[in-house]
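These notes are about the structure you will find just below.
The values are calculated or read from the model by the stated rules, or taken from the named source; none is laboratory data. These numbers come from a predicted model, not from an experiment. Using ideal geometry, Cβ is built from the backbone for each residue, glycine included, and neighbour counts are taken over all protein chains shown. The area values use the complete protein model at the heavy-atom level, side chains included, leaving out ligands, DNA and RNA. Shrake-Rupley method; radii C 1.70, N 1.55, O 1.52, S 1.80 Å.
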Amino acid sequence: MATPVKLPDHLVEDAKKVAAIEHRSVPKQIEFYYLIARAAEQNPDLSFQLVRELLKSKSEEASGEYRFD
């Protein structure tokens, strides 16, 4: 269930710019930022870059079975 949340305009505008580049909706971009922040807080020994790349790879669809001919 979605819940409306009030956010500062500048935060939404910043997320909108990145969302366009990353091919996400604004809500999905804000959700992605939240997941990065939560994972970083829960895993302070991991670098920000690693946390971000792990979340990006987790959100990608599997491309199926590879065939080597």
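Here is how the numbers come out for the structure above:
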quantity	calculated
Within the chain, helix-based [θ] at 222 nm, where runs of 4 or more DSSP H residues each add -39,500 (n - 2.57), nearest 500	-20000 deg cm²/dmol
Degrees between helix 9-22 axis and first principal axis of the chain (Cα, 0 to 90, nearest 10)	20 degrees
Accessible surface of the chain, 1.4 Å probe, proportion on carbon and sulfur as whole %	57 percent
Protection proxy ranking, peptides 22-34, 42-54, 1-13, average beta carbon neighbours within 10 Å, highest first	22-34, 42-54, 1-13
Residue-normalised accessible area of the chain, expressed per residue, 1.4 Å probe, Å²	91 Å²
Lysine pairs in the chain with Cα atoms under 20 Å, if 8 or more residues apart or on separate chains	9
